[in-house]
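A.B. asks: Structure in structure tokens, see below.
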Amino acid sequence: MGLLRFKPIPSGRMGTLWTLSTIKNAALVEFGCMGHMLYSGVTLKHGGVNDLCRLYSTHIDETDIALGGTERLEHTVANIIKNDSPKVIFFLPSAVPEVIGTDLRALCDELQQEHPEVMMIPFGHGGFNVNQHDGVKNALLTLVKNIPAEVGKTPEPTFNIIGSCADLFRFQADAAETIRAVEGAFGIKPLCVLTSGTCIEDIERMGGAHVNLVIRREGEAAAKYLQRKYGTPYILHRPYGIDGTAEWLEEIERVLGSAFDRAFVEKERGIARSMLEPVMPRFRHMSRSHMEEVTLHLGAHADIVEGILSFGCREMGFNKGVCWCDSPDMGTDELPYYSEEKWIPAVEGLKDGLFMSSGEILEWAGRSLSMQISYPDRSWHLHPFEPPFMGFRGAVNLVNLWINCNIERW
Amino acid sequence: MFDHLKRLSAVKSGSGIKFLSPAVFPGNHCPMRIASVIVEDIRGLSSLLVGTPECATHSRLFSPLPEGRNGELHWLYVIDSNEVVFGCREGVADALRKMDRAGAEAILIIGTCIPELIGEDMEGLIHEIQPELKAQVTFVMLGQFKNVSYPPGSWKTMEAMASLMDRCETDSRRINVLGRSPFEEHIPEPAVTGYLESKELKLRYLAPGASLDDFRQAPDAALNVVLSPFAQPLAVRMEREFGVPFIALHDKYAPSDIDRAYGDIARAAGYEPDGRFDEEKRQAENIQAKAEERLKGMSFVFSQRIDMPVPLAAYLTEIGMVPLLLHIEEYYSADSAHTRKIKDAGYDPPVCRITNIAEDEKLIKELNPDICMGYFLKTDMKYVPDMYDFYGQTGYGRTVNILKRILEVTGE
């Protein structure tokens, strides 16, 4: 990645950790220097993730490196089992062992024989060419390959959500709104929300679901695996907007083969529309006469940018401005990836419009942090019940943010 | 349970200190943290952090903005998979050129685990590239596998500042105060600094908060007075390279030692002691006599957040207390003299790092100490909390306050 002024794309190791950090009744061990885990823990606490998966490191010193010592890992695992009795221990790759070629998988196999009562799962994708998004993808896939039990479908329809992870801004609120919409429309319950607000037992039950709702593209590999193994169909869609959310529910209806509650959806649409109504004349006027003021500039995860942009342009009549995604693997002609070399001049050139991005970029650009839609940032987000961006309620929240931003600028 | 720990006399550096229990949760700070904090607080100093995405990301917790208020640059260099194998020399050299062109006045390279592991030769790189650059460059290597906790991030960074100093003529009225910020508000001013000013000596404070120019001009001082363990290695280097003598106050707890150090300062600064500290000294001697009487034979354990555990343990041992277990964040070379004092008193306690305070508290309890000091989460043992309150304080006042606190907690 070379010289940077702003935070880099996080590593695959970080993506893995963020994905696993919210799983209860599990422990995670990093065989590596302890600073990483200490600050990852701090970052997670900033994002409202506290004391879910138990996060440990072993530390590693120069003697361990010179002599290939792994006793720290053995002692740490024994200690965790004695004190915490987790159902599963995750093994996280770490930078120094990656360089010296520590075979974490083999170590894990040995430890598994020593402690057969605890499932041990080593996670790969620790290399220096692997980024956050690959890490998340691999972590989700590894989880569903290892933990779900052989179960039949639940008697009543159920669903899983795949891809709600701590690396996404407001992940808990978005997951909650997603669940509310599906429960309200179909009267069905989630078995597992992978990985926010989940536990090992929930993941074990995943195979019983009737549909998997994948809310970010990194979750698709896991959903495909579950489709092959359990025959569970999946939908890859991150629902934004009023019509967008209703269309997503229609998609679920087709896959589930059972009709959703029209009254619920119409009621939700009605509530959202009535809430937006007071500001719609202003936005309609802007769309006709000051298009530059309702031009959306977005920089974040590709699925988030596409979703918010779709709501803004299709349902609100906004214009697409400077939009980019934060992963080189997800960039397209319509939505390119911008490194900081590209987004810095792009952001400097923004004069008008509605700009939403990470807290770090907004702060640097002197913009309001209320328009934050992604990490990184340096704020605390202890409150898991903040307004979402996804779903019916997310649509109202977004419009509220946009009108306030518009007023501030005028 | 404690058999895996080394005894104090067997420890020669920070890396010899074993963890009390193996499962680290949450662990100690990384030395990169404190280096990032320090560079952000030295006006005019830019930095280049070299490491993994983890290091670059986490450093922004402490040095959040890429540019400082006075045009400093705090930029990041993230090593890729190719550089892990073949080195990052070229990339870092290019980065330094870019920072130079962007106006950096002086740059501190902060090398983290991976550059240290792959043996990147920063000294050689700087030697090679310095003639091309207007900015002065220095470096500090802070791989955590070598520098287990945060203190090396502080003392090594401060020590590296000596590379940016200019050789200059000695001003006999100038004294550097090492380890205290010129704008310090949280830590009460030590009595000695006000006193030195009253003697019309010119004080220059060297610590985070000072400017690059302060550091550059520092070799003109006739004396360095050291108030913090983090600044002593810089004082040692300045004595070696620029001939500036130093007197340390931070590791003096006994009234007799403080009295001797004050006398040394007076001689070095060229004034006659005038009894200004006699009353403070008398108070310290009185409370020490009381402590000797009441604390004698009481055993103690040190937990985290005691800035100078070895000198303090030596002093408490001197007044008759019994060391059972010491958490040591960093073992400084100057600690060896204090270790000898403890050994001469007939003790050689095991030393450890506490990295999982919740679990380690249970182990400590089994030692049944009469009193603990430092940080604990929740314990029913008698303990003196908030020992870090005394960081940066020196002299008789600190000794009085520490002993008072111990006496209060022991109910004596």
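A.B. asks: Taking only region A:44-69 into account, find how many residues are more than 7 Å from every other protein chain (Cβ to nearest Cβ), over 23 Å from the mean Cα position of the chain (by Cα) and open to solvent by less than 30 Å² (accessible area, probe 1.4 Å).
C.D. replies: Count: 2.
A.B. asks: Give just the number: which of (1) open to solvent by less than 10 Å² (accessible area, probe 1.4 Å); (2) among the aliphatic types (A, V, I, L, M); (3) outside any helix (DSSP H, G or I) does A:MET14 not satisfy?
C.D. replies: The one condition A:MET14 does not meet is (3).
A.B. asks: Among the residues of region A:250-271, is there at least one that is assigned by TED's automatic domain parsing to the domain that holds A:SER358, surrounded by 15 or more Cβ atoms within 10 Å (Cβ to Cβ) and β-branched (Val, Ile, Thr)?
C.D. replies: no
A.B. asks: Given the criterion open to solvent by less than 40 Å² (accessible area, probe 1.4 Å) and either in contact with a Leu (Cβ under 6 Å, 6 or more places away or on another chain) or among the β-branched types (Val, Ile, Thr) (or both), identify the matching residue among A:PHE283, A:PHE318. Give the steps one after another, and end with the answer.
C.D. replies: Values: A:PHE283 fails: either in contact with a Leu (Cβ under 6 Å, 6 or more places away or on another chain) or among the β-branched types (Val, Ile, Thr) (or both).
The conditions single out A:PHE318.
A.B. asks: Being in contact with a His (Cβ under 9 Å, 6 or more places away or on another chain) and within 11 Å of another protein chain (Cβ to nearest Cβ) is the filter here; which residues of region A:12-30 pass it? Please lay out each step first, then the result.
C.D. replies: Looking only at region A:12-30, we keep the residues that are in contact with a His (Cβ under 9 Å, 6 or more places away or on another chain), and these are A:12-17, A:30.
Scanning region A:12-30 gives A:GLY12, A:ARG13, A:MET14, A:GLY15, A:LEU17, A:GLU30.
A.B. asks: Is region A:273-284 home to any residue that is in contact (Cβ under 8 Å) with a residue 60 or more places away in the chain and under 30 Å from A:GLY231 (Cα atoms)?
C.D. replies: no
A.B. asks: Hey, can you tell me all the residues within region A:85-113 that are buried (at least 18 other Cβ atoms within 10 Å of the Cβ) and within 13 Å of chain B (Cβ to nearest Cβ)?
C.D. replies: At the first step, the residues of region A:85-113 found to be buried (at least 18 other Cβ atoms within 10 Å of the Cβ) are A:86-99, A:102, A:104, A:107-108, A:111.
Hits for region A:85-113 are A:PRO86, A:ILE89, A:LEU92, A:PRO93, A:SER94, A:ALA95, A:VAL96, A:PRO97, A:GLU98, A:VAL99, A:THR102.
A.B. asks: For residues that are aromatic (Phe, Trp, Tyr) and open to solvent by 40 Å² or more (accessible area, probe 1.4 Å), tally how many sit in region A:233-249.
C.D. replies: Adding up the residues that qualify gives 1.
A.B. asks: Then there is this: Based on what the data block shows, is B:LEU49 away from chain A (no Cβ under 11 Å) and either modelled with pLDDT of 95 or more or at positive phi (or both)?
C.D. replies: no
A.B. asks: Going by the structure shown, is A:SER358 closer than 23 Å to A:VAL130 by Cα, within 14 Å of chain B (Cβ to nearest Cβ) and in contact with a Pro (Cβ under 8 Å, 6 or more places away or on another chain)?
C.D. replies: Numbers: closer than 23 Å to A:VAL130 by Cα: yes; within 14 Å of chain B (Cβ to nearest Cβ): yes; in contact with a Pro (Cβ under 8 Å, 6 or more places away or on another chain): yes.
Yes: the conditions hold for A:SER358.
A.B. asks: Here is a further query. Quick one: how many residues across region A:286-309 are more than 20 Å from A:SER358 (Cβ to Cβ) and open to solvent by 40 Å² or more (accessible area, probe 1.4 Å)?
C.D. replies: In the first step, residues of region A:286-309 are kept if they are more than 20 Å from A:SER358 (Cβ to Cβ); the result is A:286-294.
Those left that are additionally open to solvent by 40 Å² or more (accessible area, probe 1.4 Å): A:288-292.
Total meeting the criteria: 5.
A.B. asks: Moving on to the next point. Checking B:GLU120 against (1) within 13 Å of chain A (Cβ to nearest Cβ); (2) of a type in the set (Asp, Glu); (3) free of Cβ contacts under 8 Å to residues at least 60 places away in the same chain, which test does it fail?
C.D. replies: Looking at each condition in turn, B:GLU120 falls short on (3).
A.B. asks: Quick one: which residue in A:LEU92, A:LEU38, A:LEU67 is under 21 Å from B:PHE145 (Cβ atoms) and in contact (Cβ under 8 Å) with a residue 60 or more places away in the chain? First the steps, then the outcome.
C.D. replies: Numbers: A:LEU38 fails: in contact (Cβ under 8 Å) with a residue 60 or more places away in the chain; A:LEU67 fails: in contact (Cβ under 8 Å) with a residue 60 or more places away in the chain.
Within the list A:LEU92, A:LEU38, A:LEU67, the selection yields A:LEU92.
A.B. asks: Separate question: For region B:74-98: of the residues being within 22 Å of B:PRO208 (Cβ to Cβ) and at the interface with chain A (Cβ under 8 Å from one of its Cβ atoms), which is surrounded by the most Cβ atoms within 10 Å (Cβ to Cβ)? It would help to see each step written out before you state the result.
C.D. replies: Applying the first criterion (within 22 Å of B:PRO208 (Cβ to Cβ)) to region B:74-98 yields B:74-76.
Now narrow it down to the ones that are at the interface with chain A (Cβ under 8 Å from one of its Cβ atoms): B:75-76.
Details: B:TRP75: 22, B:LEU76: 27.
Per the stated criteria, the residue is B:LEU76.
A.B. asks: Being within 30 Å of B:VAL78 (Cβ to Cβ) and either within 11 Å of chain B (Cβ to nearest Cβ) or open to solvent by 10 Å² or more (accessible area, probe 1.4 Å) (or both), is that true of even one residue in region A:114-122? Explain how you work it out, then say what you get.
C.D. replies: The initial filter retains those residues of region A:114-122 that are within 30 Å of B:VAL78 (Cβ to Cβ), namely A:121-122.
With the extra rule that they be either within 11 Å of chain B (Cβ to nearest Cβ) or open to solvent by 10 Å² or more (accessible area, probe 1.4 Å) (or both), the set shrinks to A:122.
The answer is yes, given that some residue of region A:114-122 is within 30 Å of B:VAL78 (Cβ to Cβ) and either within 11 Å of chain B (Cβ to nearest Cβ) or open to solvent by 10 Å² or more (accessible area, probe 1.4 Å) (or both).
A.B. asks: Then there is this: Which of the residues spanning region A:361-384 are more than 12 Å from every other protein chain (Cβ to nearest Cβ), in contact (Cβ under 8 Å) with a residue 60 or more places away in the chain and in contact with a strand residue (DSSP E or B) (Cβ under 8 Å, 6 or more places away or on another chain)?
C.D. replies: Within region A:361-384, A:GLN372, A:ILE373, A:SER374 meet the criteria.
A.B. asks: Separate question: Please determine whether any residue of region B:36-58 is surrounded by fewer than 24 Cβ atoms within 10 Å (Cβ to Cβ) and either assigned by TED's automatic domain parsing to the domain that holds B:TYR331 or of a type in the set (A, V, I, L, M) (or both).
C.D. replies: Checking region B:36-58: at least one residue is surrounded by fewer than 24 Cβ atoms within 10 Å (Cβ to Cβ) and either assigned by TED's automatic domain parsing to the domain that holds B:TYR331 or of a type in the set (A, V, I, L, M) (or both).
A.B. asks: Looking at (1) under 16 Å from B:THR399 (Cα atoms); (2) surrounded by 22 or more Cβ atoms within 10 Å (Cβ to Cβ); (3) free of Cβ contacts under 8 Å to residues at least 60 places away in the same chain, can you tell me which one B:GLU279 breaks?
C.D. replies: With respect to (1) under 16 Å from B:THR399 (Cα atoms); (2) surrounded by 22 or more Cβ atoms within 10 Å (Cβ to Cβ); (3) free of Cβ contacts under 8 Å to residues at least 60 places away in the same chain, B:GLU279 is out only on (2).
The values are calculated or read from the model by the stated rules, or taken from the named source; none is laboratory data. Model, not experiment: these values are computed from the prediction. Ideal geometry is used to build each Cβ from the backbone, glycine not excepted, and the neighbour counts take in all protein chains shown. For accessibility, only protein heavy atoms count, side chains too; no ligands or nucleic acids. Shrake-Rupley method; radii C 1.70, N 1.55, O 1.52, S 1.80 Å.
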